[in-house]
1. So how many residues does segment 111-152 have that are assigned to a loop (DSSP other than H, G, I, E, B), of a type outside the set (S, T, N, Q) and either closer than 17 Å to A163 by Cα or within 15 Å of the chain's Cα centre (by Cα) (or both)?
2. Taking helices (runs of 4 or more DSSP H) that fall entirely within segment 191-282, which contain at least 3 residues that are among the β-branched types (V, I, T)?
3. Here is a list: R62, R96. Which entry is closer than 28 Å to I199 by Cβ, in contact with a strand residue (DSSP E or B) (Cβ under 6 Å, 6 or more places away or on another chain) and part of a helix (DSSP H, G or I)?
4. Which members of segment 76-89 meet the condition of being assigned to a loop (DSSP other than H, G, I, E, B) and modelled with pLDDT of 95 or more?
5. When you go through I160, I173 one by one, which is the residue that is under 28 Å from P84 (Cα atoms), assigned to a strand (DSSP E or B) and not small (G, A, S)?
6. What single numbered condition from (1) in a strand (DSSP E or B); (2) buried (at least 16 other Cβ atoms within 10 Å of the Cβ); (3) in contact (Cβ under 8 Å) with a residue 24 or more places away in the chain fails to hold for L27?
7. Pick from segment 237-250 the residues that are of a type outside the set (K, R) and surrounded by 14 or more Cβ atoms within 10 Å (Cβ to Cβ): which of them is nearest to S162 (Cα to Cα)?
Amino acid sequence: MWFRKDKAPRAPRDPKTTSSLGEGLFLKCDGCREALYVKEVERNLRVCPKCGFHFRLPAVERLRLLLGEGGGQPLFTEIRPTDPLKFKDSKRYRDRLKDSEAKTGRPDAILAAKGLIDDVPAIVAILDYAFMGGSMGSVVGEVLTRAAEQALVERTPLVIVSASGGARMQEGILSLMQMGKVSAALARLGAARVPYVAILTDPTTGGVTASFAMLGDVTLAEPKALIGFAGPRVIEQTIRQTLPEGFQRAEFLQEHGFVDLVVPRAEMRATVARVLRLLHAA
């Protein structure tokens, strides 16, 4: 007798994604390959309790990590994406936006709020990798620009947490122009001596790396975060050379002066607050 499958098999889950922590009771760590109890990983800020591997953290959880349980006062929530190019590849861009909004509960790949990091006032903007890979389109650029402009008016420090595959191809040149737009806003912030701290998480790549992610007065990164413009495989294929061990990881970049400090997730809030106090004193 033949049995018929009524449902298609599930696609494999990326163990770094937020959804993977909710699939079953256990998961396998990408760092040490040990089986981990999901609840224990969640209690440990989504960090492996055995080897310290940092799973990707949802934007809302990262906001709470920096601003406390309340998550601060939301900013710029009314800004929504459009489809000016009527872009379509294997799927219409407008449909991708709808699917990502249903998945994440927000209209685009960024979350911004104003609150206190310990006792230090700050405006915080966080890219959401779960929304189309944290790609930077017009909404991301507009929110970051407005965050920098508000920080300038109020003379409040700005903190941007990056987690992105880069510019959003579905918006073409409108996406690429956000690199210059945000960088110009940050230049005005720097000229006024208002602190900007960049936090780089896994992954920070493409046009995001080539613009605001590398413009911080102080640049922090999570352990083992992938940081670069093109990926390691693309670079190896282009230059036809084997790259050094750990190339484009946070520790390698700290050693070569691109990152100021690699900070474990549990220490990030206190470290950012300390950095902002020092910058304010300077």
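The values are calculated or read from the model by the stated rules, or taken from the named source; none is laboratory data. This structure is a prediction, so every number in the text was calculated from the model and none was measured. Ideal geometry is used to build each Cβ from the backbone, glycine not excepted, and the neighbour counts take in all protein chains shown.
1. Within segment 111-152, the subset assigned to a loop (DSSP other than H, G, I, E, B) is 118-119, 128-131, 135, 137.
From what's left, of a type outside the set (S, T, N, Q): 118-119, 128-131, 137.
Going one step further and asking which of them are either closer than 17 Å to A163 by Cα or within 15 Å of the chain's Cα centre (by Cα) (or both), we end up with 128-131, 137.
Selection size over segment 111-152: 5.
2. Result: 232-239, 265-281.
3. Values: R96 fails: in contact with a strand residue (DSSP E or B) (Cβ under 6 Å, 6 or more places away or on another chain).
Checking each option against the conditions leaves just R62.
4. Start the filter on segment 76-89 by keeping residues that are assigned to a loop (DSSP other than H, G, I, E, B), which leaves 76-87, 89.
Passing the criteria: F76, T77, E78, I79, R80, P81, T82, D83, L85, K86, F87.
5. I160
6. Evaluating L27 over (1) in a strand (DSSP E or B); (2) buried (at least 16 other Cβ atoms within 10 Å of the Cβ); (3) in contact (Cβ under 8 Å) with a residue 24 or more places away in the chain leaves (3) as the failure.
7. Initially, segment 237-250 is screened for residues of a type outside the set (K, R), giving 237-239, 241-248, 250.
Narrowing the set further to residues that are surrounded by 14 or more Cβ atoms within 10 Å (Cβ to Cβ) leaves 247-248, 250.
Working: F247: 19, Q248: 15, A250: 13 Å.
So the residue we want is A250.
This table checks each residue for (1) among the small types (G, A, S); (2) touching a residue at least 40 places away in the same chain (Cβ under 8 Å); (3) exposed (fewer than 15 other Cβ atoms within 10 Å of the Cβ); (4) in contact with an Asp or Glu (Cβ under 6 Å, 6 or more places away or on another chain).
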position	(1), (2), (3), (4)
T82	no, yes, yes, no
K88	no, no, yes, no
Y93	no, yes, no, yes
A102	yes, no, yes, no
A113	yes, yes, no, no
D118	no, yes, no, no
